[in-house]
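The values are calculated or read from the model by the stated rules, or taken from the named source; none is laboratory data. A quick note: this is a predicted structure, and the numbers were derived from the prediction, not measured. Note: ideal-geometry Cβ built from the backbone for every residue, glycine included; neighbour counts use all protein chains shown.
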Amino acid sequence: MLELFLTWWAQQMRDLLPRRWRGGRKPMDALIVAPRLPLDGPPLLDATPPVVELIRRRRGEHDLGLFVLDGAGATSLRGAIARQKRLPVILRLAPATLLERAVVLPLLAEREPERVLEYEMDRFTPFRAGELFWSWAVERRDRARGQLHMRLSFVPKILIQPLLEAMRQAGVTPVRLEAPSPSGEPRSIELERARTSGDRWRRRGLVAAGGVCAALAVAVLVLPFMLQQGASANVEKRIAALQPQVTQAERLRREIAARVAGTDVFAAEQARVGDTLEVLAALTAILPDDTFLTELALRQGKLSLSGQSAAAARLISALSADPVIRNPAFAAPVTRVENGRADQFSIRAEIAP
């Protein structure tokens, strides 16, 4: 409960800030590796050693040269990076490499959106989460409808894996990807990696600052909740232990409900408009051999028959005797055909639900 309150309180404080203050952060000082070959897939990168441009971003961007990721070029690139005082390395991609889509989740998923996206990734994209480099951002919250609108940014690993492998063989490990979005805004995606000492100190500083803010918030606003938190800790541990079983049970329940709902809808619609095969079987048994149909229509439980019969008047009583057909009546006067041997008829009736 305390965690949920802190998340809500932090979001409320952030929403009070002007939009320009809530914008993106200032780009971090880093070394940018930008491939000069188009990323058209592994065959091109396998066939030709990639050529990359090294850029230093510190108070602007400064070009440090081009490097071919072969033996001598890899050594030169490694040396150029080592002379830049342990700046993190960022891989800058072409605009067409980054893909984005809007995602709508239940508002309750705001507590752990990353886990929900990872679990549902193959529903939002043609890939599994392990086949992508991806990141997310909250666009807006629709509290009236209980929806969380998010932006999912992702790059298929297969597009850049050969380039990453060539960089690793050269002793260069990027910490993140950068690429402009289709709308032109810059996006950043963290990569799996071991953190450098500079990153560790930076992370510790952020954690310390966050800890101070959290302590102040607890002291001023949420002191009464601390007593309740201790009492509910044991219950939360039990809930966490049962969470995998609950998740599996919910997934199975959704699948069963979807299948049952589909069957019920089909059965209800069939009961409302009538079973076509049952009506055909009943008419085949009822109509005498000297009767043939020129038109038969069944729409929304309403049956229309048109044709010729040697004795059309007897058809009404024959149809009335069957429980499937109700209220049969002539829709037009019965007329004799030109040869005088048959009656021309048109009958309307209702199908019993």
> Considering only residues of segment 312-323 that are loosely packed, with under 12 Cβ neighbours inside 10 Å and among the hydrophobic types (A, V, I, L, M, F, W, C), which is nearest to residue 281 (Cα to Cα)?
Replying inline: 321
> Can you tell which of 109, 74, 144 is within 17 Å of residue 34 (Cβ to Cβ) and not in a strand (DSSP E or B)?
Replying inline: 74
> Which one is nearest to residue 115 (Cα to Cα), of the residues in segment 234-256 that are modelled with pLDDT under 85 and among the acidic types (Asp, Glu)?
Replying inline: 236
> Mind checking which residues of segment 77-96 are surrounded by fewer than 17 Cβ atoms within 10 Å (Cβ to Cβ) and not aliphatic (A, V, I, L, M)?
Replying inline: 78, 79, 83, 84, 85, 86, 95
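Okay, residues lined up against (1) within 19 Å of residue 247 (Cβ to Cβ); (2) in contact (Cβ under 8 Å) with a residue 12 or more places away in the chain; (3) within 14 Å of the chain's Cα centre (by Cα):
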| site | (1), (2), (3) |
| --- | --- |
| 60 | no, no, no |
| 67 | no, yes, no |
| 78 | no, yes, no |
| 94 | no, yes, no |
| 98 | no, yes, no |
| 102 | no, yes, yes |
| 110 | yes, yes, no |
| 115 | yes, no, yes |
| 118 | yes, no, yes |
> Exactly one of (1) at pLDDT 75 or above; (2) of a type in the set (Lys, Arg); (3) closer than 22 Å to residue 168 by Cα is unmet by residue 85. Its number?
Replying inline: (1)
>> Looking at the structure I just gave you, is residue 260 among the hydrophobic types (A, V, I, L, M, F, W, C) and modelled with pLDDT of 80 or more?
In response: no
> Applying the selection to segment 301-324, what residues are of a type in the set (D, E, K, R) and not in a strand (DSSP E or B)?
Replying inline: 314, 322
